[in-house]
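Below is one structure, written out as structure tokens, with a few remarks after it.
Where a number appears in this text, it was derived from the coordinates with a stated rule and is not lab data. Computed from a prediction, not measured in an experiment: that's the story for all the values here. Note: ideal-geometry Cβ built from the backbone for every residue, glycine included; neighbour counts use all protein chains shown.
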Amino acid sequence: MRIKREDQKKFQIFLFLISTFLIIFLAISNLRIETKRRDLNKEIEKLQTELQILEKRNEELKKAISKAKSESYWEEKAREEGYVKEGEEAIVIKKIREQEEKEEKSETIWQRIINFFQK
């Protein structure tokens, strides 16, 4: 009977070790799967926000395309480029201040010194 009890204890220890190893292996596998699941969920969220941005951009582009198909859009763009219709004249108005600033900036140091002594 001693042999059987010793064999039985060895078998119990063997089963305990195998079950412990199996539990540890399954726990590690479960942690890896959970980590991968979290990463994939983050990636899904990122892609969904990117999809929303792209859908919004797509709608804006569709509106721009439909606007570009209209005659008034092309007329407005042509006017911005300086084109006029037949019978119209283009008028350009320059600001006086810009011309004065350009004249002041074009004065060299020597001209300033001469102007200082002339006063």
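Below are the figures for this structure:
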| quantity | calculated |
| --- | --- |
| Charge dipole (the chain, unit charges on Cβ, about Cα centre) - positive-most of 106, 47, 91 | 47 |
| Helix-only CD estimate at 222 nm, as mean residue ellipticity for the chain, using -39500 (n - 2.57) per DSSP H run (n ≥ 4) | -29000 deg cm²/dmol |
| If the convex hull is drawn through the Cα atoms of the chain, its volume per residue in Å³ | 278 Å³ |
| Charge dipole magnitude, Cβ of K and R +1, D and E -1 - the chain, Cα centre, debye nearest 20 | 1660 debye |
| Most mobile listed residue (45, 75, 89) in the chain, GNM with C-alpha springs under 10 Å | 89 |
| Folded to 0 to 90 degrees: helix 71-80 orientation relative to the chain principal axis, Cα | 60 degrees |
| Nitroxide proxy distance, nm - points 7 Å out along Cα→Cβ at residue 15 and residue 64 | 7.3 nm |
| Residues residue 43 and residue 6, FRET efficiency given R0 of 41 Å [Cβ-Cβ distance, rounded to 0.05] | 0.15 |
| Using alpha-carbon coordinates, inclination of helix 109-118 to the longest axis of the chain, degrees | 40 degrees |
| Note, ³J(HN,Hα) from phi for segment 32-40, Karplus 6.51, -1.76, 1.60, rounded to Hz, x at Gly and Pro | 5, 5, 5, 5, 5, 4, 4, 4, 5 |
| Label point at residue 73 placed 7 Å out along Cα→Cβ; residues across segment 35-60 whose backbone nitrogen lies under 15 Å | 58-60 |
